Amino acid sequence: MTVQELPGAGASHRSTPPPAWRPRTDAAPLLPDAEPYRVLGTEAADRLDPALMRRCYAELVRGRRYNAQATALTKQGRLAVYPSTVGQEACEIAAAMVLEEQDWLFPSYRDTLAAVARGLDPVQALTLLRGDWHTGYDPREHRIAPLSTPLATQLPHAVGLAHAARLRGDDVVALAMVGDGGTSEGDFHEALNFAAVWQAPVVFLVQNNGFAISVPLAKQTAAPTLAHKGVGYGMPGRLVDGNDIAAMHEVLSEAVRRARAGGGPTLIEAVTYRMEAHTNADDATRYRGDAEVEAWKAHDPIDLLERELTARGILDEAGITAARDEAEAMAASLRDGMNADPVVDPMDLFAHVYAEQTDRLREQAAMLRAELEAEDQA
């Protein structure tokens, strides 16, 4: 289209722009709500499924204990680093719960809890952060992509898998997780654009925890919300309270059902808060105050759900105790697993690089093998 073809360019030129200029869809249905969607503490809580909410509560308690144990393991030298999700457990748990067995989860480096909630052994989930070989689990077996340390690179992978599954006729939905910092990466743009154009069965979950390490969201984007970004790509944007697990489960379930039915992708922004430092190597006091953290503690996802369920008679002391006991048993098993020294085979350095080793790699492997054999004979 030339400048002369645009509206208002002059009476001597065409008065109506060509069809390609017009918006491809009405933007209004794609816009997120003005405020984060909530269930707990609202009339919508009258519709809560008691069994589902008790399961959510047990998973939240287990998730909080998992976070605490993983953090303790870093202090004991059993983990090299751990990015905590304390305060974000509702996002992590709900993301795992809404997926069917055949679906795929694409986590970031912070989302080990989501992988555990999906059924992965906690020891395997933490293997990468321990510094052991590769991911620590078989992605195909668990339908969990490798934990992605580079920001947002897992998003195009999720789109590719979801699009390929649809082309093959497979009933598969991909759920891709990313932090607010990841939305500043080019991979985020590319993934959302391809997903919308292809109408791929993928759900994007952005956990907006307030900071990209130390950079606050206001220094990353001037968008009204991150959920509004979906409109620019032609997909619905949903804004939800990320500490309200009932709301998270509902919104994510709707997006997964929509994707499975052929409705295309959805961008969901979960407004939450990272209660602890970026990792155990970070000093969060340098960029945020204690008052801010204390204010968010009053919106703790476990407390929110516990208050709602106990007030409605859905959860009692026996249920609370059972959830805590189960969490302690998980933590004990995790401690035992992480305190056992791993059996390391140096030859694994060469086993998972290429499907067929290069000549140079075979030479290096032979050199290392000879050195190891010489050590054994010494």
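Where residues in region 126-144 are touching a Leu at 6+ places or on another chain (Cβ under 8 Å) and outside any loop (DSSP other than H, G, I, E, B), which of them is surrounded by the most Cβ atoms within 10 Å (Cβ to Cβ)?
Out of the qualifying residues, it is ILE144.
Checking the conditions here, which among ASP180, ASP171 is closer than 24 Å to ALA259 by Cβ, of a type in the set (Asp, Glu) and open to solvent by less than 40 Å² (accessible area, probe 1.4 Å)?
ASP180
What single numbered condition from (1) among the polar types (S, T, N, Q); (2) at positive phi; (3) touching a strand residue (DSSP E or B) at 6+ places or on another chain (Cβ under 8 Å) fails to hold for GLN199?
Result: GLN199 fails condition (3) only.
Search region 350-360 for residues being surrounded by 10 or more Cβ atoms within 10 Å (Cβ to Cβ) and either farther than 30 Å from LEU79 by Cβ or touching a residue at least 24 places away in the same chain (Cβ under 8 Å) (or both), and hand back the single one that is nearest to the chain's Cα centre (by Cα).
Across region 350-360, the extreme among qualifying residues is HIS352.
For a quick check of your reading of the model, give me the residue pairs whose first member lies in region 180-196 and is touching a residue at least 40 places away in the same chain (Cβ under 8 Å), whose second is open to solvent by less than 10 Å² (accessible area, probe 1.4 Å) and among the small types (Gly, Ala, Ser), with beta-carbon atoms closer than 8 Å and at least 6 apart or on different chains.
GLY182/ALA152; THR183/ALA152; LEU192/GLY230; ALA195/ALA162; ALA195/GLY264; ALA196/GLY264
Give me the pairs, please: first residue somewhere in region 328-345 and under 16 Å from ARG130 (Cα atoms) and basic (Lys, Arg), second residue anywhere and open to solvent by less than 70 Å² (accessible area, probe 1.4 Å) and part of a helix (DSSP H, G or I), beta-carbon distance under 8 Å, and either six or more positions apart or on two chains.
ARG335/GLN69; ARG335/LEU73
Out of everything in region 253-277 that is small (Gly, Ala, Ser) and either part of a loop (DSSP other than H, G, I, E, B) or touching a strand residue (DSSP E or B) at 6+ places or on another chain (Cβ under 7 Å) (or both), what residue ends up being surrounded by the most Cβ atoms within 10 Å (Cβ to Cβ)?
Here the answer is ALA270.
Exactly one of (1) open to solvent by less than 30 Å² (accessible area, probe 1.4 Å); (2) in contact (Cβ under 8 Å) with a residue 24 or more places away in the chain is unmet by ASN280. Its number?
With respect to (1) open to solvent by less than 30 Å² (accessible area, probe 1.4 Å); (2) in contact (Cβ under 8 Å) with a residue 24 or more places away in the chain, ASN280 is out only on (1).
Could you check, for region 157-167, whether at least one of its residues is open to solvent by 40 Å² or more (accessible area, probe 1.4 Å), of a type outside the set (D, E, K, R), within 22 Å of ALA80 (Cα to Cα) and within 19 Å of the chain's Cα centre (by Cα)?
no
Which pairs turn up if I take residues in region 262-273 that are of a type in the set (Asp, Glu) and look for partners that are outside any strand (DSSP E or B) and open to solvent by 10 Å² or more (accessible area, probe 1.4 Å) with beta carbon separation below 8 Å, at least 6 apart in sequence or on another chain?
What qualifies is GLU269/PRO32; GLU269/THR225.
It is to be established whether one or more residues within region 186-201 are in a strand (DSSP E or B) and polar (S, T, N, Q).
No.
All but one of (1) in a loop (DSSP other than H, G, I, E, B); (2) of a type in the set (A, V, I, L, M); (3) surrounded by 16 or more Cβ atoms within 10 Å (Cβ to Cβ) hold for ALA222; which doesn't?
(3)
Mind checking which residues of region 297-326 are among the small types (Gly, Ala, Ser) and either more than 21 Å from ASP46 (Cβ to Cβ) or open to solvent by less than 20 Å² (accessible area, probe 1.4 Å) (or both)?
Within region 297-326, ALA298, ALA318, ALA322, ALA323 meet the criteria.
Report every pair of residues separated by at least 6 positions or lying on different chains whose Cβ atoms are under 7 Å apart, first residue within region 22-49 and in contact (Cβ under 8 Å) with a residue 24 or more places away in the chain, second open to solvent by 50 Å² or more (accessible area, probe 1.4 Å) and in a loop (DSSP other than H, G, I, E, B).
PRO32/HIS228
Of everything in region 90-122, what is aliphatic (A, V, I, L, M) and in a loop (DSSP other than H, G, I, E, B)? Give them in sequence order.
Passing the criteria: VAL98, LEU99, LEU120.
The values are calculated or read from the model by the stated rules, or taken from the named source; none is laboratory data. Predicted model only: the values in this text are computed from it and were never measured. Note that each Cβ is placed from the backbone with ideal geometry, even for glycine, and that neighbours are counted across all protein chains shown. The area values use the complete protein model at the heavy-atom level, side chains included, leaving out ligands, DNA and RNA. Shrake-Rupley method; radii C 1.70, N 1.55, O 1.52, S 1.80 Å.
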